[in-house]
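Working notes, beginning with the structure itself.
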């Protein structure tokens, strides 16, 4: 019998479960110190830069749903939907490369447009216009 | 020997190869008449609605690179990078569900922000302001 090995997928899922279950510090244990993460807003290099990018997002998360998860021994892809305080229905996709049980490289895709719109609406309300 | 079956992945890849190789009509042969596609701008129902969404994008495509492809017999996920006439480095991710060799359901994720910005810049130039 051929056993399909999927160590990277397991790491990606463990990371995902942690940050979607309000345990971002546990999620960070799956992030390599020298992670390189390409996100819509640019590249984040190193775990602290990654924390600054991803941490605030986990704080506004109100719901998440895993839509798909595939992977092998070295790479994996997850797709998920989220609701957040400013935006409902904000799906994301992540490709990761895993080295020694930690995510060394990530590419994350999501649509910034609704978040930008929510920010503008919030700023507009704060300034009293409209 | 266990043969890993991945019919949905094969369909997803055939669709992807077709539209990234300037053969959108061939790509459409992999799209079910009653496809339901959830995109950043909303839901497209039916092959003609899908054509109206995806066709124009393939016409501005100048480069594509498949970053990841995983799947099984019924579903698959692709992640790819693209360059387009208005925007370079516009990655996307697609999850598909395949029925009888055609894509019956798709969820596509990409960042609209750079496309919106390019459109605004172009409109601004056309109107002569800055």
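What follows draws every value from the coordinates through simple rules; no lab data is involved. Predicted model only: the values in this text are computed from it and were never measured. Every residue, glycine as well, gets a Cβ built from its backbone with ideal geometry; the counts of neighbours run over all protein chains shown.
Considered as an equivalent ellipsoid built on the Cα gyration tensor, region A:65-130 has semi-axes of 34, 12, 8 Å, the largest given first.
Of the Cα atoms belonging to the protein assembly as shown, the radius of gyration and Dmax stand at 19.2, 68 Å. Using just its DSSP H runs of length 4 or more, each adding -39500 (n - 2.57), chain B gives a mean residue ellipticity at 222 nm of -11000 deg cm²/dmol after division by all residues. Taking the label point 7 Å along Cα→Cβ, residue A:49 and its counterparts in the other copies are spaced 4.1 nm apart, in ascending order. Only Cα pairs under 8 Å and 6+ residues apart enter the sum, and on that basis the relative contact order of chain B stands at 25 percent.
Going 7 Å from the Cα of residue A:116 along its beta-carbon direction, which residues of region B:6-40 have the amide nitrogen within less than 17 Å of the resulting point? Taking a point 7 Å out along Cα→Cβ of residue A:116, the residues of region B:6-40 whose backbone N falls under 17 Å are B:40.
Placing dummy labels 7 Å off each Cα toward the beta-carbon, the span from residue B:14 to residue A:123 is 4.8 nm. Here residue B:63 yields copy-to-copy label distances, from shortest upward, of 4.0 nm, the label point defined as 7 Å from Cα along Cα to C-beta.
On a per residue basis, the convex hull of the C-alpha atoms belonging to region A:1-72 measures out at 117 Å³. With a Förster radius of 41 Å, plug the Cβ-Cβ distance of residue B:26 and residue A:60 into 1/(1 + (r/R0)^6) and report the FRET value to the nearest 0.05. Efficiency, rounded to the nearest 0.05: 0.45. Peptide A:120-126 has a mean of 0 when you count, residue by residue, the C-beta atoms of other protein chains within 10 Å of its C-beta.
The mean number of Cβ atoms from other chains found within 10 Å of a Cβ in peptide B:106-116 is 5, as a whole number.
Taking the Cα atoms only, what angle lies between the long axis of helix B:113-126 and the longest principal axis of chain B, rounded to 10 degrees? Result, in degrees: 30. Seen from a random direction on average, the alpha-carbon convex hull of chain B projects onto 8.6 square nanometres. Axis angle, to the nearest 10 degrees, between helix B:7-20 and the longest C-alpha principal axis of chain B: 30 degrees.
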